[in-house]
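The block underneath contains the structure these notes are about, expressed in structure tokens.
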Amino acid sequence: MTQTNNHRINDAAKRKRQFFSCWCCLLLTAWSLSATMAQDEFEAKRTLISALIEKLGDSDFTTRELAQSRLRELGLVAFDQLHEAQTDNDIEVAKRATYLIRSLQVQWSLRTDAPEVRRLLAKYDEKNLVGRRSLMEQLASLPDTKGLEALSRMVRFESDGRQSRYAALQLMRMAVPESTEQGEAFATRLQELHALSSRTAARWIEAYSKSLIDAEASLSLWDQITRKEEQLLTTFPGRTSRGLVRDLLRRQFRLLRQLERQEEAAVVARRSVNLLDGSREQLIEAIDWFASEQSWMFAEVIADRFPVEFQEYPELMYRLAEAFLKGGDEERANQQAAIALA
């Protein structure tokens, strides 16, 4: 009797395992189909939006107006492609795309946001560029990555590309969870939030999130985005800024030093020094930043590039003397301090 009961129990357990296995397969298949359908729908919308944007430059006025009206109805779904179209070679397309971008209403604060986030974003639309950047910095400083979703919205929907980039840099400032598992979850969430965006700043976040999971694998992507941004600064300086490129290069510098790629890090450091305009404030900030990274040798690199400025401002000479001292060259430190004193 006991043996029969055991057989029944084993058979029941076997059926349960089979049922669970089949259920998991069905769920996986359903998820896969859902993901495929979502991707297909996304691509179909992109194709539709591209066609409508092209019609913004049609020779027929009515066609242009209808396309513009349809794009306005699509709303934020069309944001990324409209943003790119603002620099279209067709002046009519660029003009109408810019108008549509400015007319789109972005809901910066959502009910799912933490109370602190909603409070910060209450009057975000009313802020000027400086005010918005201040709010971005405050969002990045909130504990438990509470500002993650809101900053990600800014990366995607800030109409000014420089503001979008600044939001991305603030995302990189956020404290990453210490445990490996939580850190990877944080990186994965970043990837999910920016996967559908074609904004330049979204590619910055892609490189950053990848570096959190596999730093070595992210290096080529980092090199691509920093060099592309340097090129943009040279050709279209109004679309980026020295400060944005500098901060992006500093992220790359830190990553290379973390991987003990000192020679490559030195090259990136020199590229960042080349962005300095020679103003007293910038030179002091740059030396202090390298000092905070315990990379004292780059104070001399800055001094070699701006010898006149270092002769003019004693505080720069003293900082150079300190760099020599921290680097173990006491004799040169004393010489530099004596020059500054004189």
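Annotations
- Neighbour net charge for residue 54 - beta-carbon separation under 12 angstrom, K R +1, D E -1: -1
- Isotropic mean projected area of the C-alpha convex hull, the range 235-310 (nm²): 5.3 nm²
- Dimensions (Å) - the range 175-252, Cα atoms, principal axes, largest first: 42, 24, 21
- In this simple spin-label model, placing a label point 7 Å from the Cα along the Cα-to-Cβ direction at both residue 138 and residue 62 gives a separation of 5.2 nm.
- Taking the Cα centre of the chain as origin and assigning +1 to Lys and Arg Cβ atoms and -1 to Asp and Glu Cβ atoms, the resulting dipole is close to 1360 debye.
- Residue-span extension gain [residue 46 to residue 342] - 0.36 nm each, minus C-alpha spacing: 99.9 nm
- Of the labelled figures (i) 0.96; (ii) 1.00; (iii) 1.12, only one reflects Rg/Rh (Cα atoms, Kirkwood Rh) as derived from the coordinates, namely (iii).
- Solvent-accessible area assigned to carbon and sulfur over the range 89-224 amounts to 47 percent, based on a 1.4 Å probe.
- Sequentially through the range 151-157, phi angles give Karplus couplings (6.51, -1.76, 1.60; θ = phi - 60°) of 5, 5, 4, 5, 4, 7, 10 Hz, Gly and Pro residues having no value and appearing as x.
- Across the range 185-190, computed HN-Hα scalar couplings (Karplus, 6.51 cos²θ - 1.76 cosθ + 1.60, θ = phi - 60°) run 5, 4, 5, 5, 5, 4 Hz from first to last residue, x flagging Gly and Pro.
- Stretching the chain fully between residue 223 and residue 280 yields a gain of 17.6 nm (0.36 nm per residue, less the alpha carbon separation).
- Electrostatic tally near residue 194: other residues with Cβ closer than 9 Å to its Cβ, Lys and Arg +1, Asp and Glu -1, net +1.
The values are calculated or read from the model by the stated rules, or taken from the named source; none is laboratory data. Being a predicted model, the structure only gives us computed values, none of them experimental. Cβ coordinates were reconstructed from backbone atoms using ideal geometry, including for glycine residues, and neighbour counts include every protein chain displayed. Side chains are part of the model used for accessible areas, which takes the heavy atoms of the whole protein and leaves out ligands, DNA and RNA. Shrake-Rupley method; radii C 1.70, N 1.55, O 1.52, S 1.80 Å.
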